[in-house]
Each structure stands twice: as structure tokens, then as C-alpha cells.
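Laboratory data are not the source of any read-out in this text; all were calculated from the coordinates shown. Note that the structure is predicted; figures quoted are calculated from it, not measured. Neighbour counts run over all protein chains shown; Cβ positions are idealised from the backbone, glycine included.
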Amino acid sequence: DQQDMKGAEDKMLRSEADVVIFIPHHFERKMFKEHRSEVQVLVNAINAMSAGIVNGYVNAIVLSLSKDIILDLKLTRQLARYNTINTSYTFWYNQDLNYKIYMLPGICVLLVSLVTMFLTAMNIVREREIGTIEQINVTPIFKYQFVIGKLIPFYIIGMFLLTIGISVGRLFYDVPINGSLFLLYFVATIYFAGALGIGLFISAISETQQQVLFVSFLVLIIYIMMSGLFTPVESMPEWAQYLDLLNPFAYFIKAIRMILLKGSGFMDLLREIGALSIYSFVVLTFAIKMYRKRN
């Protein structure tokens, strides 16, 4: 009924379901009387590749059902030829199955993460190498004031790059903006706190800029490969899916896709916002303590 359909659509909006198959009440009656009927399939097509695979699975299921009905009803060859289940597909959020719409938000997150984490760590380590950080340490300022002063410029740079990335995606690749940009920047602020904290932590454990390059590259590779940027998280081994619960990159990619492509609201993103908030608070607090101990 209409209420069940609305509930199924809400689950798809919250990314709790990728496919909704609507079978009308008169389905069985039409199959017995007219030897034909129809079903409606709603597919979450944000990931065009996954949507294509789902399309193939549903077609196979419908074909198998048609064959079973032909055998059960013992239809003649002439009637069997007209015995069909018409499948009506509706691809939500990406009607043309354009993979660019799926990839570009994730690539945008990758670029801003690379810049914010890398520049934060490189800047502090470089000052340590040339000795200016020792001069700052003897000044009458608190360590947290110095850290905040270092992080704010890179936060602004990250926000600027995120804006450029979204604008380029909208103007040149037709990436839709169906949700609230205010919500997007709010989630980005939480995420950048964690990303900058990672950069600060890397600077605390690194002695040279070469070490920063190595550690940053290692951290980013792990985050990227397990983020769902290129392949869905659900297709990974079970142990990798559990590890991915600690990956802020995955939460932000999912959030930005839900906001831009689905138009999801704050309540739909409670899980992602909560996870990013906890992660950012823990990482940033730990990184500041590590930095204070290191200096």
C-alpha cells in the first residue's frame, strides 16, 4: 500500500536500502487471467555500476519467475510467448547512470583531504627544521593558541578547495546539488577538524619533511582504499567493513554524496555526523596532547 511504499522510499533516502520492488495487489490475478502483469523497481543509482548489476539481478529473478509460472499453469507455447512480467525501472538520483556523478564528490573529498592533512603536517615540521618553532615556544602564548593559529588557515584553504570542487562538478559535469549547502559545510567543518588533527599528529611523530611524506601517503592510501570511493564498502570482506567504521574518509564521502545527490537532511545524516564528531574530537584532542608533549 501507499504507506509501505513511503516507508521503503524513506529507507532508500537514508541509504538503508538500494532496491525497492513494488508488486501491485492485482499481480497474481492478472497473471492467472491475462497471463501478464507488471512490477515496479526503484533502484538507488548513485553508483551507476552497482545499479547496472542490480538491474541484471532483477531481470534474472523476473525471468525465472516467468518460467515457473509457465510451468505451473502449463501454458501452450503460443500463450507462453505472450506470458510476460513487465518490469518498470526508475533509477533514483542518477537517471542516466552517469558514473561521473558518483565519482566526482568522492574525488573532491580526496583532494581537500590530501591538501589539509599534508599541508598541516609539512608546515609545522618545516618550522621545526629551520628552528622558528623554538622561537615561538619561548613566547608567552599557550600551545593550544599556536595550534589553533596553525590549523585555521588550512581549514579556510580546505573550505575554499571544497567550494571550487563543488562548483567545477556542477558547472562542467552536471553534478546536482539537491541538498543544503549549509549542511554540507557544517559536516565538512566537523570532518576538517579530524583531518587537521591527523596532520597535526603526523607532524608530532615526524622529524623531517620526508617522514611526513611517507606517513601521509601511507595514511591516505589506507583511508582511500577502504572508503568506498572506487568500490562499495558492502563488497569488501567482513573484517574490512568493521575496520571501515573507524574511517572518517568513508563517512564524509557518504555524507557528501547523500547531500548533493539525494538531498538528504540532518536527520538522515545523524550516523555520519555522530561518527565524524566523535572521531574529530578524539583525534584532535590526542594530536594536541602529542604536540604539547613533543614540544
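Hey, what did region 99-294 get for relative contact order, percent, Cα under 8 Å, at least 6 apart?
It comes to 34 percent, rounded to a whole number.
Kindly provide log₁₀ I(q)/I(0) values, in the same order as q = 0.22, 0.31, 0.33 Å⁻¹, from the Debye equation applied to equal alpha-carbon scatterers of region 155-201.
Listed by q, the Debye log ratios stand at -0.81, -1.13, -1.18.
Just going by the charge dipole of region 182-295, with Lys and Arg at +1 and Asp and Glu at -1 on Cβ, which of Ala204, Gly263, Val187 is farthest out on the positive end?
The one lying farthest along the dipole's positive direction is Ala204.
Using Cα atoms only, what is the angle between the long axis of helix 48-73 and the major principal axis of the chain, expressed in degrees (0 to 90) to the nearest 10?
That works out to roughly 20 degrees.
Among all lysine pairs in region 99-294 that are eight or more places apart or on different chains, how many have alpha carbons less than 20 angstrom apart?
Going through region 99-294 pair by pair, I get 7.
Which angle from 0 to 90°, rounded to the nearest 10, does the C-alpha axis of helix 209-225 make with the longest principal axis of the chain?
Between the helix axis and the principal axis of the chain, the angle is about 20 degrees.
When 1/r is averaged over all different Cα pairs and the result inverted, which Kirkwood radius in Å belongs to region 12-67?
Computed over region 12-67, the radius equals 12.6 Å.
What lysines does Lys33 reach when the alpha-carbon gap must be under 16 Å and sequence neighbours fewer than 8 apart in one chain are set aside?
Output for Lys33: Lys74.
Within 10 Å, count the other beta carbons around each residue, average over each peptide in 182-194, 109-121, and list them highest first.
The most tightly packed comes first, giving 109-121, 182-194.
Can you tell me which of Asp96, Asp268, Asp68 moves the most in a GNM of the chain? Springs connect C-alpha atoms under 10 Å apart.
Looking only at Asp96, Asp268, Asp68, the biggest GNM fluctuation is shown by Asp68.
Does region 96-202 come out rounded, prolate or oblate, given a ≥ b ≥ c as the square roots of the eigenvalues of its C-alpha gyration tensor, rounded meaning a/c under 1.5 and, failing that, prolate meaning a/b above b/c?
In terms of gyration-tensor shape, prolate.
To check my understanding: the extent here is largest minus smallest coordinate of the Cα atoms along each principal axis. What are those three numbers for region 99-294, in Å, largest first?
51, 36, 29
With springs only between Cα atoms under 10 Å apart, run a GNM on the chain and tell me which of Thr90, Thr285, Thr139 wobbles the most.
Highest fluctuation among the options: Thr139.
Taking the dipole about the Cα centre of the chain, with the C-beta of Lys and Arg at +1 and of Asp and Glu at -1, give me whichever of Pro248, Ile156, Phe22 is farthest to the positive side.
Of the candidates, Ile156 comes out farthest on the positive side.
Helix 248-257 versus the longest principal axis of the chain: what angle, 0 to 90°, nearest 10, using Cα atoms?
50 degrees
In debye to the nearest 20, how big a dipole does the chain give about its Cα centre with +1 on each Lys and Arg Cβ and -1 on each Asp and Glu Cβ?
The dipole magnitude comes to about 200 debye.
Report the residue, chosen from Ser66, Ser50, Ser206, that carries the largest GNM mean-square fluctuation when the chain is represented by alpha-carbon nodes joined by springs under 10 Å.
Result: Ser66 has the largest fluctuation of those listed.
Given only helices, namely DSSP H runs of n ≥ 4 each adding -39500 (n - 2.57), what is the per-residue ellipticity at 222 nm of the chain, to the nearest 500 deg cm²/dmol?
Result for the chain, helices only: -23000 deg cm²/dmol.
Considering only Thr139, Gln95, Ile166, whose Cα is most displaced toward the positive end of the charge dipole of the chain, charges sitting on Cβ of Lys, Arg (+1) and Asp, Glu (-1)?
Thr139
So which aspartates and glutamates can Lys11 reach, going by Cα to Cα under 16 Å and dropping same-chain residues fewer than 8 places off?
Within reach: Asp1, Asp268, Glu272.
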